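J.: Structure incoming, see below.
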Amino acid sequence: MAQLRIALAQVNPTVGDLEGNRRTVVGAARRAAEKGAHLVVLPEMIVTGYPVEDLALRDSFVSASVRATRALAADLDAEGLGDLPVVVGFLSRREGPGERYGQPSGAPQNAVAVLLRGGVELTSAKHHLPNYGVFDEYRNFVPGDTLPVIRVRGVDVALAVCEDLWQDGGPVTAARAARVGLLVTLNGSPYERHKDDVRLELCSRRAREIGAALAYVNMVGGQDELVFEGDSLVVDSEGELVARAPQFEEDLLLVDLDPAAADGERGARDGDVIDGIRIVRRTLSADPVPAYEPRSNTVTPRPDPLSDTGEVYRALVVGLRDYAAKNGFASVVLGISGGIDSALVATIAVDALGSDRVHGVLLPGEHSSAHSVADAEDLAERQGFAARTVPITSAVEAFGQAAASAEAALTGLAAENLQARVRGTLLMALSNQEGHLVLATGNKSEAATGYSTLYGDSVGGFAPIKDCWKTLVWELSLWRNAEAERLGQTPPIPENSISKPPSAELSPDQTDADSLPDYALLDSVLAAYVGTDRGEAELVFAGYDPDLVRRVIRLVDRAEFKRRQSAPGTKISSRNLSRDRRVPITNRWTV
């Protein structure tokens, strides 16, 4: 057996920040070199950030990525790191004559580059392109057809990109045929709740199939609606966990391995084609390292996967933190009503940004209860963020008088919605005047059923709990308070905000139950209809009341036009209401 020290750099890139991302790579390589690494690997598309979506279709962006990758190799060499192989993901072009998959030579590819001695030693491209959920890579890329195998300190290391590990055949089959000692995968795999450690199970299974150790490096941080939680890991050839990085934190995971030494008589040779994949071999350093005392590998413990509320909460904090930072917002503003939704969003914002960067606004109207105002004030006091009170009654009356003068006196739902729209207008005005990012406080149950006012309580630049069912909102709030108590701190959310019946308070004695079924039952139906596309007959067969099913389906389908206009928000489920679910607004299919 040989020895190899590999460094997996779990970092947080920004899409389009090619200069900043280059500095990130150099910094990670420098730290790895100081710790004696023989190979450094960074995540998928680290040079450009990920996902780049239709930026991949801009020739200027592809050219800039290629130039940045070459410049990065020179940067590493100038820093005295040229002899350390560094593997990065970047946006490249397909090389070679003729067309492939209907795309000409020069079509964009999701690629990997090996940087060494000031140059690009070799490149390859992702073969399996995901085209489900949030991914639409067939739109943006053409697949690659090679498997790079680099010899590093006498060990053959194969390189693959994200989806290549998840799909059978192709690079996985080629890596097995090449008889490599280590398979390394570069990943941009977003966080989802209830994954139940599927990544570790996948890596273990693939390692056993290939008969080699496997290293999986994933990026971390927020990018629009996506959050990447890191969770980089390494398993040995038997699939046993060797090392694991923390979730939601940047980290350099150093791992000492004793993989099988390269044997020129074993495995597929350079140029062989296995399952449509051509093996490309390069020797970077043929001689094994002298024997050394390995360091203790780090295995960061994971919480109980059956109790992942804290994991979800951390994802929401990271999502908001990076959305604000990467889009240049120094502060946020939100309406605080005394209810559970705005209380949770305010708490997430304080944890993400600090209390000095969170601004709450109480917007009491004619039907606002005294306890709601008191609960909102209590929330701000507990967490130490600034809060101001702006009564809306006079503004609502002025709008009402204007409507009446147009012979359209507002009554019923129109009058209720006016109150929400006045609040939304004031929040947006404060945003324009003071430069804050407005946070929408609606949850997934409301978004699914349309239980929100367009241009009213739905306004905002970011919606932190957009992908959280109402029942999860309560669960997260209880968890955050319990966590504070565990740490000897004051619970951030007033108990009354959690325990009282939810209400929009747009009419006398109004509660959500006046318009919606009980949330526990509603969320169950919504999760089945939205999450798994089960129709009316299937839901009724599953035991749900037929009238309830028809009512919920009608609410969801009629609210599609509202969701198309909603703010982005952190995705934490396997199927959110925007990128994952695409249905027509104009649609008469209701079953």
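J.: For F141, are the conditions met, namely being closer than 30 Å to D75 by Cα, within 29 Å of the chain's Cα centre (by Cα) and aromatic (F, W, Y)?
T.: Values: closer than 30 Å to D75 by Cα: yes; within 29 Å of the chain's Cα centre (by Cα): yes; aromatic (F, W, Y): yes.
Judged against the criteria, F141 is a match.
J.: Oh, and also: Test of understanding: among A352, A325, which residue is in a helix (DSSP H, G or I), under 23 Å from the mean Cα position of the chain (by Cα), farther than 18 Å from S431 by Cα and without any contact (Cβ under 8 Å) to a residue 40 or more places away in the chain?
T.: The unique qualifying residue is A352.
Per-residue answers, yes or no, for (1) of a type outside the set (S, T, Y); (2) under 20 Å from G267 (Cβ atoms); (3) touching an Asp or Glu at 6+ places or on another chain (Cβ under 6 Å):
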site: G80; (1), (2), (3): yes, no, no
site: Q109; (1), (2), (3): yes, no, no
site: L165; (1), (2), (3): yes, yes, no
site: G169; (1), (2), (3): yes, yes, yes
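J.: Now, a different point. For the stretch 377-490, list the helices (runs of 4 or more DSSP H) that sit wholly inside it and hold at least 1 residues that are within 19 Å of P568 (Cα to Cα); which are they? Working first, answer last.
T.: Numbers: elements: 393-405, 412-434, 444-449, 470-486.
Ranges flagged: 412-434, 444-449, 470-486.
J.: If I filter the stretch 357-380 for residues that are over 16 Å from S337 (Cβ atoms) and of a type in the set (S, T, N, Q), do I get at least one hit?
T.: no
Each row is one residue, and each column tells you yes or no for (1) farther than 17 Å from E446 by Cα; (2) at pLDDT below 90; (3) among the acidic types (D, E).
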position: V530; (1), (2), (3): no, yes, no
position: R534; (1), (2), (3): yes, yes, no
position: P568; (1), (2), (3): no, no, no
position: L577; (1), (2), (3): no, yes, no
position: V583; (1), (2), (3): yes, yes, no
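J.: Turning to a different aspect of this structure: Name the single residue that is modelled with the lowest pLDDT among those in the stretch 251-284 being charged (D, E, K, R) and closer than 21 Å to C203 by Cα. So that I can check it myself, show each step before the final result.
T.: To start, the set of residues in the stretch 251-284 that are charged (D, E, K, R) comprises 251, 256, 258, 263, 265-266, 269-270, 272, 275, 278, 281-282.
With closer than 21 Å to C203 by Cα added as a condition, the list becomes 251, 256, 258, 275.
Details: D251: 96, D256: 94, D258: 88, D275: 92.
Here the residue is D258.
Conditions (1) in the same structural domain as G354 (by TED's automatic domain parsing); (2) at pLDDT 90 or above; (3) surrounded by fewer than 16 Cβ atoms within 10 Å (Cβ to Cβ), marked per residue:
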{"site": "G365", "(1), (2), (3)": "yes, no, no"}
{"site": "S372", "(1), (2), (3)": "yes, no, no"}
{"site": "A376", "(1), (2), (3)": "yes, yes, no"}
{"site": "Q383", "(1), (2), (3)": "yes, yes, no"}
{"site": "T389", "(1), (2), (3)": "yes, yes, yes"}
{"site": "I392", "(1), (2), (3)": "yes, no, no"}
{"site": "V396", "(1), (2), (3)": "yes, no, no"}
{"site": "F399", "(1), (2), (3)": "yes, no, no"}
{"site": "A404", "(1), (2), (3)": "yes, no, yes"}
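J.: Among the residues in the stretch 233-242, are any under 25 Å from I572 (Cα atoms) and assigned by TED's automatic domain parsing to the domain that holds P43? Spell out how you get there, then give the answer.
T.: Of all residues in the stretch 233-242, those under 25 Å from I572 (Cα atoms) come to 233-234.
Checking the rest, the ones that are also assigned by TED's automatic domain parsing to the domain that holds P43 come to 233-234.
For the stretch 233-242, residues under 25 Å from I572 (Cα atoms) and assigned by TED's automatic domain parsing to the domain that holds P43: present.
J.: Also, I was wondering about something else. List the number of the failed condition for A291; all other conditions in (1) assigned to a helix (DSSP H, G or I); (2) of a type in the set (A, V, I, L, M, F, W, C); (3) touching a residue at least 40 places away in the same chain (Cβ under 8 Å) hold.
T.: (1)
J.: Mind counting the residues in the stretch 24-71 that are of a type in the set (S, T, Y) and more than 15 Å from Q109 (Cβ to Cβ)?
T.: 2
J.: May I ask you to list the residues in the stretch 482-514 that are modelled with pLDDT under 85 and surrounded by 12 or more Cβ atoms within 10 Å (Cβ to Cβ)?
T.: Across the stretch 482-514, the qualifying residues are K500, P502, S503, A504, E505, L506, S507, Q510, T511, D512, A513.
J.: To continue, here is another question. Tell me, which helices (runs of 4 or more DSSP H) wholly within the stretch 161-273 include 1 or more residues that are more than 22 Å from the chain's Cα centre (by Cα) and touching a residue at least 40 places away in the same chain (Cβ under 8 Å)?
T.: Filter on the stretch 161-273 gives 171-178, 198-210.
J.: For the structure I just gave you, tell me whether T69 is within 23 Å of the chain's Cα centre (by Cα) and either assigned by TED's automatic domain parsing to the domain that holds L182 or part of a strand (DSSP E or B) (or both).
T.: No: the conditions fail for T69.
J.: Also: Residues being of a type outside the set (G, A, S), assigned to a strand (DSSP E or B) and over 23 Å from the mean Cα position of the chain (by Cα): count how many of those fall in the stretch 109-135.
T.: Qualifying residue count, the stretch 109-135: 7.
The values are calculated or read from the model by the stated rules, or taken from the named source; none is laboratory data. The model shown is predicted, which means the values in this text are computed figures rather than measured ones. We place every Cβ from the backbone using ideal geometry, glycine too, and count neighbours over all the protein chains shown.
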